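Below you'll find the structure, written out as structure tokens, and then a few comments.
The values are calculated or read from the model by the stated rules, or taken from the named source; none is laboratory data. Quantities reported herein were computed from a predicted structural model and do not represent experimental measurements. For neighbour counting, all protein chains shown are included, and Cβ atoms are generated from backbone atoms with ideal geometry for every residue, glycine included. Side chains included, ligands, DNA and RNA excluded: accessible areas come from the protein's heavy atoms. Shrake-Rupley method; radii C 1.70, N 1.55, O 1.52, S 1.80 Å.
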Amino acid sequence: MTSTLVSVLRSVGAVFAGFAVITLGTVVTFTVLVEDFGYHTSSPIELLIGTIGALASGVAGGLLTARLAASHPVRHAAALVVPIALDTASIIASAGPGSDPLWFDVGGSAILLLGALVGGLLIATRGRPSAVRVSHPA
């Protein structure tokens with residue numbers, strides 16, 4: 001029973017930690033690197049920087065989540081969809097006139113999740129032997 005509880009707490013903690021990294025990365029990207037980031041307010045270069053920053057934030061969050069998880073690194077990285085979706089829903093719900101288009105916010109969330117999955121895959125495949133084996137003649 002105790003090991004199950006520890007495993008669940010570790011899984012939940014891994015997802016929270018990964019989301020914290022994603023949040024920190026996106027805040028730095030959208031307030032420091034690109035001030036006033038948005039579809040209507042940013043130049044094409046700023047949109048590119050914001051996209052790269054979001055992808056990097058997602059990868060970093062996915063890496064941390066997968067690394068902290070006791071098992072199933074990709075599943076844990078994929079679990080980041082829950083806090084990312086909740087955050088996106090709150091942004092969309094509080095959007096007023098003149099705010100970014102819906103597709104822009106949803107696309108940004110998709111980039112974060114894609115990055116998180118890449119991070120999870122990097123941890124999952126790290127250290128695994130290659131599937132291609134060369135046989136040596138005897």
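Annotations for the structure displayed:
- Take the conditions (1) surrounded by 14 or more Cβ atoms within 10 Å (Cβ to Cβ); (2) assigned to a helix (DSSP H, G or I); (3) of a type in the set (S, T, Y); S42 misses just one of them, which is (2).
- Applying a threshold of 9 Å to beta carbon distances and a minimum spacing of six or more residues, or different chains, the list of pairs starting in the stretch 95-123 at a residue that is under 17 Å from T41 (Cβ atoms) and assigned to a helix (DSSP H, G or I) and ending at one that is open to solvent by less than 40 Å² (accessible area, probe 1.4 Å) and of a type outside the set (S, T, Y) reads F104/G38; G108/G50; G108/A54.
Residue-by-condition table, conditions (1) in contact with a helix residue (DSSP H, G or I) (Cβ under 6 Å, 6 or more places away or on another chain); (2) assigned to a helix (DSSP H, G or I); (3) surrounded by 13 or more Cβ atoms within 10 Å (Cβ to Cβ):
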residue	(1), (2), (3)
V8	no, yes, no
I22	yes, yes, yes
T31	no, yes, no
E35	no, no, no
L47	no, yes, yes
I52	no, yes, yes
L86	no, yes, no
S90	no, yes, no
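- Residue within the stretch 65-74 that is open to solvent by 60 Å² or more (accessible area, probe 1.4 Å) and over 21 Å from A124 (Cα atoms) present: no
- Scope the stretch 54-81; condition under 14 Å from the mean Cα position of the chain (by Cα) and part of a loop (DSSP other than H, G, I, E, B); matching residues: A79, L80
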